[in-house]
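Worksheet: the structure to be examined is printed underneath.
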Amino acid sequence: MFMEVKILKFGGTSLRNEATRKYVYKHIFHDVESFKLIVVVSAMGRYPDAYATDTLLSMGSDKLSSSERASLVSMGEQLSALRVCSELLEMGVKAYALPFQECGIVTDNNYDYAKVIKLDNKEIKSKLDEYDVIVVGGFIGINASKEVTTLGRGGSDYSAVLFAKMMGLSSVSIYTDVDGVYDLDPKIHEFAVKYDVLTYDEMLNMKSRVLHERCVTFAKENHITIFLKGTFSSSSGTMIEG
């Protein structure tokens with residue numbers, strides 16, 4: 001395959017509105033000069049934003065079957081991928097929004113907290129032959145019947161490292177509204193200290209909400225380095241590795 005592939009993942013607060021997405025596109029434009037990109041996106045915003053996962057969950061989802069609930073809550077990520085792809089196309093980027101049926105993350109039938117059974121890169125590799133940027137909703141898998149399943153709360157981080165494994169890559173870049181991992185919440189504590197480097201075990205022991213636990217565990221098991229960076233910052237962020 002042609003150019004090297006790089007994976008970027010953006011969280012919901014980075015995608016919340018047109019102003020925040022401008023920063024997302026700066027990162028994409030910087031990297032697309034040198035790489036083919038797989039851009040993993042969360043649902044836009046947070047509750048009560050219209051398409052945030054918790055907003056969708058509040059829409060009477062307790063009356064739905066597990067498969068129906070998975071279809072409902074995954075709509076936020078799917079809409080986010082379509083929105084980002086559409087705006088990239090308007091800016092002249094050769095982008096493609098990957099439908100969940102083509103994601104290649106094959107799971108069991110646990111619709112709410114699916115276990116990954118197989119990773120299949122056939123569809124995404126084919127699309128990378130044709131497009132420069134593949135935009136895909138995180139948090140989503142498919143079962144053997146091609147029904148949508150979900151990877152649990154915060155599962156978009158997990159999706160990013162799954163795609164890294166799928167593509168044989170050794171690292172991912174995950175962008176959030178915080179420019180790395182701190183010893184204290186930097187939004188509350190003025191003198192919080194940022195870690196430049198952490199091991200997987202240190203990250204897991206911190207029980208930080210910055211990264212999904214399944215993401216860090218899978219990265220550790222598969223030797224995938226995580227670069228955790230701030231969407232709105234030029235800081236180098238925190239590197240998480242062995």
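Read-outs: derived from the displayed coordinates by stated rules, not from any lab. Please read these numbers as outputs of a predicted model, since none were measured by experiment. Glycine also receives a Cβ, built like all others from the backbone with ideal geometry; neighbour counts cover every protein chain displayed.
Starting with the highest mean, order 157-168, 121-132 by the number of other Cβ atoms within 10 Å, averaged over the residues of each peptide.
157-168, 121-132
Determine the sum of side-chain charges near Asp108: Lys and Arg each +1, Asp and Glu each -1, restricted to other residues whose C-beta is under 12 angstrom from that of Asp108. Present the calculation step by step, with values, prior to reporting the outcome.
Working: positive: Lys115, Lys118; negative: Asp112, Glu147.
Within the 12 Å Cβ shell, the charges total 0.
Pop out the ³J(HN,Hα) list for segment 228-234 in order, Karplus 6.51 cos²θ - 1.76 cosθ + 1.60 with θ = phi - 60°, rounded to Hz; leave Gly and Pro as x.
After applying 6.51 cos²θ - 1.76 cosθ + 1.60, I find 9, 10, x, 4, 9, 10, 9 Hz.
Considering only the other residues whose Cβ falls under 14 Å of the Cβ of Lys220, what net charge follows from Lys and Arg at +1 and Asp and Glu at -1?
Combined, the nearby Lys, Arg, Asp and Glu give -4.
Would you pull out the residues with amide H under 5 Å of Val135's amide H, same chain only if 5 or more places away, H placed 1.01 Å from N?
Residues meeting the criterion, in which the H sits 1.01 Å from N, are Val39, Tyr96, Ala97, Leu98.
Hey, what did the chain get for relative contact order, percent, Cα under 8 Å, at least 6 apart?
The value is 19 percent.
Work out from phi, with θ = phi - 60° and the Karplus expression 6.51 cos²θ - 1.76 cosθ + 1.60, the ³J(HN,Hα) of each residue of segment 159-176, listed in order in whole Hz, and give x for Gly and Pro.
4, 4, 6, 5, 5, 4, 4, 4, 9, x, 9, 9, 7, 9, 10, 10, 9, 9
Starting from the amide H of Thr150, placed 1.01 Å from N in the peptide plane, find each other amide H under 5 Å away whose residue is 5 or more places distant or on another chain.
Amide H neighbours of Thr150: Asp112, Tyr113, Ala114, Gly141.
I'd like the Karplus ³J(HN,Hα) series for segment 125-141: coefficients 6.51, -1.76, 1.60, θ = phi - 60°, whole numbers in Hz, and an x wherever there's a Gly or Pro.
5, 4, 5, 5, 5, 9, 10, 8, 10, 9, 9, 9, x, x, 6, 10, x
Which net charge results when you count Lys and Arg as +1 and Asp and Glu as -1 among the other residues whose beta-carbon is under 11 Å from that of Arg21? Show your work: numbers first, answer last.
Working: positive: Arg16, Lys22, Lys26, Arg83; negative: Glu18, Glu87.
Taking every Cβ under 11 Å from that of Arg21, the sum is +2.
Subtracting the Cα-Cα distance from 0.36 nm times the residue separation, let me have the gained length for Lys63 to Asp196 in nm, one decimal.
43.3 nm
So if I restrict to the alpha-carbon atoms in segment 156-202, what is the Rg, and what is Dmax, the biggest pairwise distance, in Å?
13.5, 40
Would you work out if the chain is rounded, prolate or oblate? Take a ≥ b ≥ c from the square roots of the eigenvalues of the alpha-carbon gyration tensor; rounded if a/c is under 1.5, else prolate when a/b is larger than b/c, oblate otherwise.
Since a/c stays below 1.5, the shape of the chain is classed as rounded.
Could you work out [θ]222 nm for the chain from helices alone, using -39500 (n - 2.57) per DSSP H run of at least four and dividing by all its residues? Round to the nearest 500 deg cm²/dmol.
-10000 deg cm²/dmol
Could you pull out every residue, at least 5 positions away or on a different chain, whose amide H is within less than 5 Å of the one on Leu198? Hs are placed 1.01 Å off N in the peptide plane, and Pro or chain starts have none.
Met239, Ile240, Glu241
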